[in-house]
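Notes for the one structure printed next.
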Amino acid sequence: MAETELEAFVNSIQKLFPRIMRYLEDEATRELIGLEVTPSQMNALVVLYGPSNLPMGELAEQLGLTESAATRLVDRLLRMNLARRERDEVDRRVVRVRLSSYGRQLAELVFDRRQEQFARFAERMSADNRQHLITGLSALLAAFADLETQSKEKR
């Protein structure tokens, strides 16, 4: 029996993703060598790197954590002098989190390492393949967002 196009796609993804994830996990481990932070702590620093500060609820959502788990993570970042917690000036009930100057330096270091990592693999791909990858990954993220929206609507 011939494989359908959808079945062929699913089978290819099943073979590719574990190898891609292993490579990315190995790179993530290498980029954290000597920094004395865990991958989850680094993820929080990366999320906090862009905006000047985030409400705790939004940070939790972006990290895929409950608010209590995000609070515990932020507590560890505070003890390590990587983040600061402050009350919102308009709504005192809202707690905002921002990077400390040390946390920002650490996040910048990791961003620089990631820039180098992505540049290394991009140099080994043609311009067309790079564009196809961006298009495909963007479509994948859109599909994830659609599935997430559907899941929330069912709750």
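In the chain, with Lys and Arg counted as +1 and Asp and Glu as -1 at Cβ, which of these residues, GLN14, THR149, SER40, has the Cα nearest the positive end of the dipole, that is, farthest along it?
With unit charges placed on the Cβ atoms, the residue in question is SER40.
Using all alpha carbons of the chain, what is the percent of pairwise distances in each 10 Å bin, ordered from the shortest bin to the longest?
9, 28, 32, 23, 7, 2, 0
The chain: longest stretch without exposed GluC sites (Glu not before Pro) (DSSP loop, at most 13 other Cβ within 10 Å), sites themselves excluded?
Longest site-free region, per DSSP loop and neighbour criteria: 37-88.
How high is the relative contact order of the chain, in percent, counting Cα pairs under 8 Å that sit 6 or more residues apart?
That works out to 18 percent.
Report, in degrees rounded to the nearest 10, the 0 to 90 angle that the Cα long axis of helix 5-31 makes with the longest principal axis of the chain.
Relative to the chain, helix 5-31 is tipped by roughly 40 degrees.
Between LYS154 and ARG98, what is the label-to-label distance in nm when each label sits 7 Å out along the Cα-to-Cβ direction?
Using points 7 Å along Cα→Cβ, the separation is 4.1 nm.
Specify, per residue and in Å³, the volume enclosed by the convex hull of the alpha carbon atoms belonging to region 1-49.
Given the Cα convex hull of region 1-49, per-residue volume reads 89 Å³.
If you filter region 89-127 for trypsin sites (Lys or Arg not before Pro), then keep DSSP loop positions with at most 14 other Cβ within 10 Å, what is left?
Answer in residue order: ARG92, ARG93, ARG124.
Give me the number: length gained by fully extending ALA145 to SER40, i.e. 0.36 nm times residue separation minus the C-alpha to C-alpha distance, one decimal in nm.
That pair, ALA145 and SER40, stretches by 35.6 nm at full extension.
What number, in nm² with one decimal, is the all-direction average of the projected area of the convex hull of the alpha-carbon atoms of region 22-72?
With every direction weighted equally, the projected area is 4.1 nm².
To test your reading of the geometry: what angle, between 0 and 90 degrees and rounded to tens, separates the Cα axis of helix 101-122 from the longest principal axis of the chain?
Orientation of helix 101-122: about 10 degrees from the principal axis.
If you add up the charges near GLU58, with Lys and Arg at +1 and Asp and Glu at -1, over every other residue whose beta carbon is less than 13 angstrom from its beta carbon, what do you get?
So the environment of GLU58 carries a net charge of -1.
Mind pulling the angle between the C-alpha long axis of helix 39-49 and the longest principal axis of the chain? Nearest 10 degrees, somewhere in 0 to 90.
Roughly 70 degrees between the two axes.
Apply 1/(1 + (r/R0)^6) to the Cβ-Cβ distance of ARG72 and ALA2, taking R0 = 41 Å, and write down the FRET efficiency to the nearest 0.05.
Efficiency, rounded to the nearest 0.05: 0.20.
Regarding region 1-88, what are the three Cα extents along the principal axes, ordered largest first, in Å?
62, 31, 22
Would you please give the FRET efficiency between PHE17 and SER52, computed as 1/(1 + (r/R0)^6) with r the Cβ-Cβ distance and R0 = 25 Å, to the nearest 0.05?
Efficiency, from the Cβ-Cβ distance: 0.10.
Please give the FRET efficiency for MET125 paired with GLU25, using the beta carbon to beta carbon distance and R0 = 22 Å, rounded to the nearest 0.05.
That gives a FRET efficiency of 0.60.
Every number in this text was worked out from the coordinates using simple rules, so none of it is lab data. Remember, predicted model here, so these are calculated numbers, not experimental data. Note that each Cβ is placed from the backbone with ideal geometry, even for glycine, and that neighbours are counted across all protein chains shown.
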